[in-house]
1. Answer yes if at least one residue in the range 72-83 is more than 28 Å from Leu182 (Cα to Cα) and buried (at least 16 other Cβ atoms within 10 Å of the Cβ), and no otherwise.
2. Just need a number here: residues in the range 44-53 that are in contact with a helix residue (DSSP H, G or I) (Cβ under 6 Å, 6 or more places away or on another chain) and at pLDDT 90 or above.
3. Under 7 Å between Cβ atoms, at least 6 apart or on separate chains: pull out the pairs that start in the range 91-117 with a residue that is open to solvent by less than 40 Å² (accessible area, probe 1.4 Å) and end on any residue that is modelled with pLDDT of 75 or more and hydroxyl-bearing (Ser, Thr, Tyr).
4. Taking the options Ala41, Ala56, name whichever one is small (Gly, Ala, Ser), touching a helix residue (DSSP H, G or I) at 6+ places or on another chain (Cβ under 8 Å) and part of a helix (DSSP H, G or I).
5. May I ask you to say which residue of Ala177, Ala150, Ala134 is buried (at least 16 other Cβ atoms within 10 Å of the Cβ) and in contact with a helix residue (DSSP H, G or I) (Cβ under 6 Å, 6 or more places away or on another chain)?
6. If Gln84 satisfies all but one of (1) assigned to a loop (DSSP other than H, G, I, E, B); (2) closer than 30 Å to Asp184 by Cβ; (3) touching a Lys or Arg at 6+ places or on another chain (Cβ under 8 Å); (4) not charged (D, E, K, R), what's the number of the condition it fails?
7. Under 23 Å from Val175 (Cβ atoms), open to solvent by less than 80 Å² (accessible area, probe 1.4 Å) and without any contact (Cβ under 8 Å) to a residue 12 or more places away in the chain: does that describe Ala42?
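The values are calculated or read from the model by the stated rules, or taken from the named source; none is laboratory data. Everything numeric here is computed off the predicted structure, so don't read it as measured data. Note that we place each Cβ from the backbone using ideal geometry, even for glycine, and neighbour counts take in every protein chain shown. SASA here: full protein model, heavy atoms, side chains in, ligands and nucleic acids out. Shrake-Rupley method; radii C 1.70, N 1.55, O 1.52, S 1.80 Å.
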Amino acid sequence: MTGRAAPPGRRRDRLARVAVRLAVAALLLGGLWAGGLAWFAADVPRNAPDPAGAEAQRQTDAVVVLTGGSGRLGTGLELLAAGQAKKLFVSGVYDGVEVQELLKLSRRRPHDMECCITLGYTADSTIGNAYETADWMREQGFRSLRLVTANYHMRRSLLEFHMAMPDMEVIPHPVVAPTVHLADWWMWPGTANLLMNEYNKLLLAYGRYLIGRALGD
């Protein structure tokens with residue numbers, strides 16, 4: 001004997017309750033996402049490290065620059081010239097670019113620094129930057145590095161570098177991007193889109209990190 005179908009009115013009530021629950025869940029998730037985005041934007045460093053500060057004065061084995069933004073290479077070269085590290089590693093360089101070309105673009109004399117700079121050509125993402133750098137650091141026998149990248153990119157970079165080389169010391173050295181308007185960022189479409197994309201990528205990176213921890217990697 002087959003069961004009797006629920007009356008249409010009861011089915012509509014059930015569907016309405018499910019729809020309400022889904023809407024509430026979506027609102028909660030959206031609120032959490034928006035709150036996290038506001039926290040992320042507020043946490044982005046507004047200023048470059050103070051050259052006289054204790055953190056900026058600490059020497060590391062290497063300076064690592066992640067390509068992809070203005071000011072990063074120049075900052076890395078300045079740190080190397082100041083004796084803050086033994087070598088400079090530039091990760092994510094376009095294939096075919098040489099050290100001398102980069103130095104000329106940065107208006108540095110090639111013979112002053114060419115011996116102390118290594119270029120990495122394999123990375124095409126932040127994950128790639130981290131693992132390319134980890135391989136180079138281990139080849140050099142280095143244990144510490146100063147990481148140079150854009151201020152909005154720093155938190156995700158630190159997380160990726162921690163996953164790739166948890167046994168090494170990484171000191172952040174954010175470069176303030178002049179085109180990123182962090183004050184009232186929601187009023188600047190370009191900055192808002194950049195921060196939202198970076199925040200979403202950070203959430204994915206945290207997801208990978210948590211999964212790795214759960215699996216014991």
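1. Narrowing the range 72-83 to residues more than 28 Å from Leu182 (Cα to Cα): 80-83.
When the remaining residues are screened for being buried (at least 16 other Cβ atoms within 10 Å of the Cβ), the result is 80.
Yes; the residues of the range 72-83 include at least one that is more than 28 Å from Leu182 (Cα to Cα) and buried (at least 16 other Cβ atoms within 10 Å of the Cβ).
2. 2
3. If the second residue must be modelled with pLDDT of 75 or more and hydroxyl-bearing (Ser, Thr, Tyr), the pairs left are Ser91/Thr67; Ser91/Thr133; Gly92/Thr67; Val93/Thr67; Val93/Tyr121.
4. Working: Ala56 fails: touching a helix residue (DSSP H, G or I) at 6+ places or on another chain (Cβ under 8 Å).
The match here is Ala41.
5. Details: Ala177 fails: in contact with a helix residue (DSSP H, G or I) (Cβ under 6 Å, 6 or more places away or on another chain); Ala150 fails: in contact with a helix residue (DSSP H, G or I) (Cβ under 6 Å, 6 or more places away or on another chain).
Within the list Ala177, Ala150, Ala134, the selection yields Ala134.
6. Going through the list (1) assigned to a loop (DSSP other than H, G, I, E, B); (2) closer than 30 Å to Asp184 by Cβ; (3) touching a Lys or Arg at 6+ places or on another chain (Cβ under 8 Å); (4) not charged (D, E, K, R), Gln84 breaks only (2).
7. Working: under 23 Å from Val175 (Cβ atoms): yes; open to solvent by less than 80 Å² (accessible area, probe 1.4 Å): yes; without any contact (Cβ under 8 Å) to a residue 12 or more places away in the chain: yes.
When the stated conditions are applied, Ala42 passes them.
Let's see how each residue does on (1) in contact (Cβ under 8 Å) with a residue 60 or more places away in the chain; (2) closer than 11 Å to Ala41 by Cβ:
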| position | (1), (2) |
| --- | --- |
| Met168 | no, no |
| Ala177 | yes, no |
| Trp185 | yes, yes |
| Pro189 | no, no |
| Asn193 | no, no |
| Glu198 | yes, yes |
| Ile211 | no, no |
| Gly216 | no, no |
